[in-house]
Structures are given as C-alpha cells and as structure tokens.
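K.L.:
Before I ask anything, let me first share the structure, which is written out below as structure tokens.
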Protein chains: 2
Amino acid sequence: MRDFERKLITEWRRLGLPFSESTIVIAVSGGADSLSLLLAADELRKLKKLDLRIVAVHFNHRLRGDESNEDEEFVRQITVDRDIELAIGHSGSAIKTNIEQNARHERYDFLRRAAENVHAHAILIAHTVDDQAETFLLNLIRGSGARGLSGMPAVRKIEDSEAVIARPLLSWARRRDTEGYCHELAVKYRSDTMNEDESFTRVRVRKILLPLLADFNPKIVEHLAETANLLRVELPPEPEVSGEGLRLDDLRRLKEADLKRTIRAWLETNRGHLRQVGLKHVTAIERLIGSGKSGKTVELPGGDAVFKQGGWLCFGKNMVEKRGLAN
Amino acid sequence: MRDFERKLITEWRRLGLPFSESTIVIAVSGGADSLSLLLAADELRKLKKLDLRIVAVHFNHRLRGDESNEDEEFVRQITVDRDIELAIGHSGSAIKTNIEQNARHERYDFLRRAAENVHAHAILIAHTVDDQAETFLLNLIRGSGARGLSGMPAVRKIEDSEAVIARPLLSWARRRDTEGYCHELAVKYRSDTMNEDESFTRVRVRKILLPLLADFNPKIVEHLAETANLLRVELPPEPEVSGEGLRLDDLRRLKEADLKRTIRAWLETNRGHLRQVGLKHVTAIERLIGSGKSGKTVELPGGDAVFKQGGWLCFGKNMVEKRGLAN
C-alpha cells in the first residue's frame, strides 16, 4: 500500500465510512485532489481493502468552453481505462453572474441526484487541508461573523436521507500530497485555468495571502484548518428560529449571549445570509428589544429593517427602499 | 465638544463607567492612543461632563534607554502643564528575554497597585480597534485555538476587587482617530521606535499583513475586531478545571464538544498556555480516555505528557524529557 492509500484508509475508518456491501459516489473534476481520491479508492478496492461499488460523478459546468469539455473527456478516459463507473452531468443554464456560487449549487444538486440514482451511502468530496484554510481566510476577509469561520465538517448527514457527505482528505491531505500521489501513479491531472485567474478572491488568497502568512508561520495552513475545525466543534449550535416574528417577551428572558445568537440566526433565516451584519446591528436590535418605545426601526445593510409590532419583533424585507418609494 | 470627546463620553456611558464621585486611573505611555484618552477625559472634566479624580499612570520599562526616559519626561511635562495627577513606576528587573510578554506583566502589576493606592474604580487602557484586530491576527498566526481568538473585552472586573479594567476606545477608535485628536489639540505625542522594528511580529502584522488584507477588504480592521468580539461573546465560557487529575468516569459521560473543551481547559491550566496544542493532541487524549488500555501516554509539544492512572487522567510535566533521562 502506498502512503497516501494508507492514510486514506485510516481516515476512512475514523469517519465510519463503509468498507463493503455499499455504494459510494466520488465527485471528480479531473484535478489532482479529486483524481487522487478516486484513484486511491480504486487502488484500495484492487487491494481488497474496500469491497464497494464506486461511482465517479463528473459535472461539466460548461463555463470554460473547450476546457470544460476536455475535462469531461479526460475523466471519461481515465474511468474507462480503469473500468470505473461514471455519471456525467451538464449544466443546463448559462448564468454568468456570481459564477462560483451558482456553479457550486448546480454541482451539489447533480451530485445528490446521482447519489440517489445509485442508492449511494456516501458522497465523497476531495476537499483538502488547503481548501479548509483558504475557505477560513475567505470568510474572515468577508467578515462572515464567528459561525461563518467554522470549517467544513469531515462528515455530515444529508437531510431526509441515510447518506452522508464525507471529505476523507480534509483532515490530513495537503494539495501537494494529492499531486504527489498522481505523480506516483504516473497519472496526469487537469489544471483548472480558473485556479490561476487572480480576479477570483480565492486565487489571490492562495497565491498572495497564504505565502505571506507562511512567512510568519510555516504551519499556517494546518493552523488555519485546525482553527476552523475547533470553531465548528466549540461554537454552540445555531439556535432554531423560523422566518416568523419573534415574541418580545421570550427575547427579554434570554441571557445576552443567547439573545445575540438568536438575533443573528433569525436575521440569517430572513436574509438568507449574514453578510454585512455586524455587532452594531445586533446591538441596535437588542436595544430595540429592550426599549419600551415602539415605532423605532433598525435598518440593515441592503435595505431590510427590523421593527416591533404588537409584542413581536418583525423583519421587513427591503423595507427601507419601499418606504422611500412610498414617501 | 469635539467629535472624539463626544464618542468617548457615549462609550463611557455604554460601559457604565462612573461620571462623578470616583477616581479613575489612566495608563499613559505617551503615544497617541493613551495621550488622546487622557486628554479627552481631562477635557470632559473641564467641560463638567465628568466630575472625577483622574490619575495618569506611566510605567517606565527602561527597555529603550534614553528613549524610555524621554517618554517619562514627556508624560511628566504634559501632566504638569495640565495639572493632572501622575504616578510613575520604574521596571525593577532587566529581563531581556521575551521582552513584550514580561514588560506587559510588569506594567499591569504596577497599574493594579497604583489603582489600589488611590482607591480607583476603574483602570482605563487605551487599546483601539487596530489593537484588537492586530491581536486577533497575531493569535491566528500563532495558532492559539478558538478561544485564543476571542477579543479583549471593553470592560472586565478585576479579581478580588470592586474595580474594573475598561477600554473605552476599543469599540470605536481607530489609531488615526487618536492621532487626529492629538493634532486637533496641537499636542505632540511620542512614537515608540519599537513600533517600527520589524523584528517584532506585531509590527510586521501592522505594516505588511494588514495593508495586504486591506486590498481584499478595505474594512478589514473593523471586520477582524468585530470577529474577535463575536467570538468572545459566542464561545461558551471556559469550563472550570483544577490542575489535578480528571476522573475518567466523569470524562466518559461528556458530549464530544464538552469533552474537547474540558481537555483543552485542563491542558491550559497545567501548561499555563495552549501553544502548539492542536486538535490532534486533543483527539489523541480523547482516544486515551475512550480506550480500555492503560500504560499508553500522549506526548505533548514541549515534553509534557498525559497518561491514565487508577481511574484518573493525569498530567506529567516535562515527562517525556525525564523519561528520556531515566532510560
């Protein structure tokens, strides 16, 4: 067994992934990370360490023309050569705004459907320690709040399903390990030209910010990934709130930390995200809750607002703008 | 009232600091931050917004020879000119190792004693938003774990005392605001040459890392400071543990997150800090707790070790080294 394969099977056990009588789906872009995961799992199957049906899933976003199609052809060839099952999906839409975000949604949707089709027990995604560290920095730079810094989990259940999403490289594999493993197997991998395009913040984080941080601490990638992991474990779980109003009497009984958490979770539910929401907004809402006066409004970035009505704390979508139009 | 003074008195109220019939101590290095705090408080007293006894406290570390003595003389002159009480302390020792850390301890000790002498209700320290952001980054780079990223509080009680330590600039003042206020009053301030010395990590964070981060997000300093604040509020309080052993039966009843927290707090108590302690050590200790075998040892960075003995989890100081000598 090669070192990479040994580390993978150790993590496989730790994560409680199935060893036999199961189907697993592996998302494969053609890059070193996902290719190394697919090939190592396939090698482990050949070594009889795993006795599983493995289905590779490739999603062609069609965002990069010929390059996307070459990626698809590359994955097809690799899987044909090695006799690995392959499911391929194509992007239906050509939405060009917020490319990264939409592409991700489409890809995850397709992955889920592909997994359902083959009754998979696990969807494997090849995120590495580097991905975890980069995501942490991206969220830190965007100001996503405390919980926004929590790292991706190595395993999580999929809602309304027995299947899990697992990241068996996340806790140990650096990007150079996945590249090294591909070299070891003498397999070429694809390099996404987007990974070189510095108009993407993530690329600048990788190519400019992280090398500078490594001057401060050579172990920075591992540190950041670990910090993200610790925050996920240490932060209390998100309180459950609905998109409805919150009863003021209930809120006033909460301790300060719980009140802050509840407000943030409620804002996130209503806005879909917490971008640009800062401590000052949360504090203003706390003051609104605490004060006896009605009629006051806390304006949020983007035009939403929070106000009180008949004993309830209410959320007004695009309220500030609407009021402007009405006046 | 000048803008800086208005913001200070607003924060004064928010923090519950006394307005009259009290004594406050203000730590003054002679730099723009502490000088602006002292002068603004003094101006507010002249404006009858505050009716307090104000005592400036300067601590001369004697780390920078003539420069340190000039700082002292400068603070003395400013306080004489304005008829402000002043207490001066001098460093007794000349410990040159870990300069920043020791100097900080000595300074805080002297501050506490000076506050006791005058029966002060509050010790005011002039940390700014920039300090909060820089400290966050320093701790992130050092890998101080999740709780190490929690920001300084704007107010905290001093143990066994009615007094508080307050940072009335922390939540709103940028360094440029304090410099601007000194300019407004036509008062010169001292610049510590250490603030320019790039052999200090903090200086490189300020001069190299933060400007690069500002290319990503111009509001980065505010974002980082706010993240540090949110983490302080959101992370559950440190569990109480003694330096004694922990009973294995108790540990085995804990939920995973509580167990991790308990282990970390216990390690911190025993080692004095959590530096270099990572998730892998905590996980190894969890496995040690969970396993039925005795005789195994988890080695920690620096030579300490954790082991089991008669139903207890035990901490061995410098154990790894000692064992080495015994063999």
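K.L.:
Being more than 28 Å from A:Phe74 (Cβ to Cβ), in a loop (DSSP other than H, G, I, E, B), among the aliphatic types (A, V, I, L, M) and more than 12 Å from chain B (Cβ to nearest Cβ), is that true of even one residue in region A:177-187?
P.N.:
no
K.L.:
Which numbered condition in (1) among the small types (Gly, Ala, Ser); (2) closer than 23 Å to A:Leu15 by Cβ; (3) at pLDDT below 80 is the only one that B:Gly290 fails?
P.N.:
(3)
K.L.:
Going by what's in this entry, would B:Asp160 be described as more than 30 Å from A:Pro218 (Cβ to Cβ), in a loop (DSSP other than H, G, I, E, B) and away from every other protein chain (no Cβ under 14 Å)?
P.N.:
yes
K.L.:
Based on this model, can you work out whether B:Tyr108 counts as without any contact (Cβ under 8 Å) to a residue 60 or more places away in the chain, of a type in the set (Phe, Trp, Tyr), out of contact with any His (no Cβ under 7 Å at 6 or more places or on another chain) and in a helix (DSSP H, G or I)?
P.N.:
Judged against the criteria, B:Tyr108 is a match.
K.L.:
Name every residue in region A:166-202 that is of a type in the set (A, V, I, L, M, F, W, C) and at pLDDT 95 or above, in order of residue number.
P.N.:
A:Ala166, A:Leu169, A:Leu170, A:Trp172, A:Ala173, A:Cys182, A:Leu185, A:Ala186, A:Val187
K.L.:
Taking only region B:189-236 into account, find how many residues are touching a residue at least 60 places away in the same chain (Cβ under 8 Å) and of a type in the set (D, E, K, R).
P.N.:
So the count comes out to 6.
K.L.:
Something else now. Among helices (runs of 4 or more DSSP H) lying entirely in region B:201-320, which contain 1 or more residues that are surrounded by 14 or more Cβ atoms within 10 Å (Cβ to Cβ), over 25 Å from the mean Cα position of the chain (by Cα) and within 14 Å of chain A (Cβ to nearest Cβ)?
P.N.:
B:210-216, B:256-271, B:279-290
One line per residue, one yes/no per condition, for (1) more than 18 Å from B:Ile125 (Cα to Cα); (2) among the basic types (Lys, Arg):
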| residue | (1), (2) |
| --- | --- |
| B:Lys48 | yes, yes |
| B:Asp51 | yes, no |
| B:Ile54 | no, no |
| B:Val57 | no, no |
| B:His61 | no, no |
| B:Arg64 | yes, yes |
| B:Arg82 | yes, yes |
| B:Gly89 | no, no |
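K.L.:
Out of A:Arg45, A:Arg64, A:Arg112, A:Arg107, which single residue is at pLDDT 95 or above, of a type in the set (Lys, Arg) and out of contact with any Lys or Arg (no Cβ under 7 Å at 6 or more places or on another chain)?
P.N.:
Matching residue, one of A:Arg45, A:Arg64, A:Arg112, A:Arg107: A:Arg45.
K.L.:
Just give me the residues in region A:34-65 being assigned to a strand (DSSP E or B) and surrounded by 19 or more Cβ atoms within 10 Å (Cβ to Cβ), in sequence order.
P.N.:
Across region A:34-65, the qualifying residues are A:Leu52, A:Ile54, A:Val55, A:Ala56, A:Val57, A:His58, A:Phe59, A:Asn60.
K.L.:
Is it fair to say A:Glu5 is closer than 25 Å to A:His119 by Cβ and assigned to a helix (DSSP H, G or I)?
P.N.:
Criteria not met by A:Glu5.
K.L.:
Which one of B:Leu111, B:Leu124, B:Leu138 is within 14 Å of chain A (Cβ to nearest Cβ) and either at negative phi or touching a strand residue (DSSP E or B) at 6+ places or on another chain (Cβ under 8 Å) (or both)?
P.N.:
Answer to the selection: B:Leu138.
The rows are residues; the columns are (1) surrounded by fewer than 23 Cβ atoms within 10 Å (Cβ to Cβ); (2) out of contact with any helix residue (DSSP H, G or I) (no Cβ under 9 Å at 6 or more places or on another chain); (3) under 15 Å from A:Ala32 (Cα atoms).
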position	(1), (2), (3)
A:His119	yes, yes, no
A:Asn139	yes, no, no
A:Gly148	yes, no, no
A:Val155	yes, yes, no
A:Glu162	yes, yes, no
A:Ser171	yes, no, no
A:Asp177	yes, no, yes
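K.L.:
Quick one: B:Ser150 ticks every box in (1) more than 12 Å from chain A (Cβ to nearest Cβ); (2) polar (S, T, N, Q); (3) under 13 Å from the mean Cα position of the chain (by Cα) except a single one, so which number is it?
P.N.:
Only one criterion in (1) more than 12 Å from chain A (Cβ to nearest Cβ); (2) polar (S, T, N, Q); (3) under 13 Å from the mean Cα position of the chain (by Cα) is unmet by B:Ser150, namely (1).
K.L.:
Considering every residue within region B:123-131, establish whether at least one is closer than 23 Å to B:Ile9 by Cα, small (Gly, Ala, Ser), assigned to a loop (DSSP other than H, G, I, E, B) and modelled with pLDDT of 95 or more.
P.N.:
Yes.
The values are calculated or read from the model by the stated rules, or taken from the named source; none is laboratory data. Note that the coordinates shown come from a computational prediction; the quantities given were computed from them, not determined experimentally. Counting neighbours? That spans all protein chains shown, and the Cβs are built from the backbone with ideal geometry, glycine included.
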